[in-house]
1. Could you list, in sequence order, all residues of the range 95-111 that are in a strand (DSSP E or B) and without any contact (Cβ under 8 Å) to a residue 24 or more places away in the chain?
2. Look at Val60 and say whether it is modelled with pLDDT of 95 or more and of a type in the set (Val, Ile, Thr).
3. Any residue in the range 2-20 that is at pLDDT 75 or above and of a type in the set (Lys, Arg)?
4. Which pairs do you get when a residue that is within 20 Å of Glu35 (Cα to Cα), found in the range 75-86, comes within reach of a residue that is assigned to a helix (DSSP H, G or I), reach meaning Cβ atoms under 7 angstrom, with the pair 6+ apart or on two chains?
Amino acid sequence: MRDNIDDLNTIENQLGSGAININDIRQAVVSREFEKHRGDKALLLIFQFPFLIIGEILDVVSDYLLIKAEVTNVTELDDEEFRVHIDDIEVFYIEKKGKPRIPDIRNGRHA
């Protein structure tokens, strides 16, 4: 909880207007979630195509997520690395201990 308050204070200071922008908050919270789970598997739905990526979170650089795709909805792009802008991610799910695993959609089995 203290981290969230610190983030809000940092954003407010950066904006300098005393107004908090919800988009800045979203970006900070989503970026931190991916940073905390480097090396874990994630599922992303990206608005533009619509496009699906399932793969390993490699890093977060500024407001971009670096992810090594295991599976995409375009087979030719499987096993590629992607740099995805945080704002382009519509929905995401990160595998966490004690939570459901992302299934292997290519063969219908759970990994």
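1. Residues satisfying the conditions are Pro103, Arg109, His110.
2. The answer is yes for Val60.
3. Within the range 2-20, not a single residue is at pLDDT 75 or above and of a type in the set (Lys, Arg).
4. Ile86/Gln27; Ile86/Val30; Ile86/Ser31
The values are calculated or read from the model by the stated rules, or taken from the named source; none is laboratory data. Quick caveat: nothing in here was measured; it's all calculated off a predicted structure. When we count neighbours, we look across all protein chains shown, and the Cβ atoms used for this are built from the backbone with ideal geometry, even at glycine.
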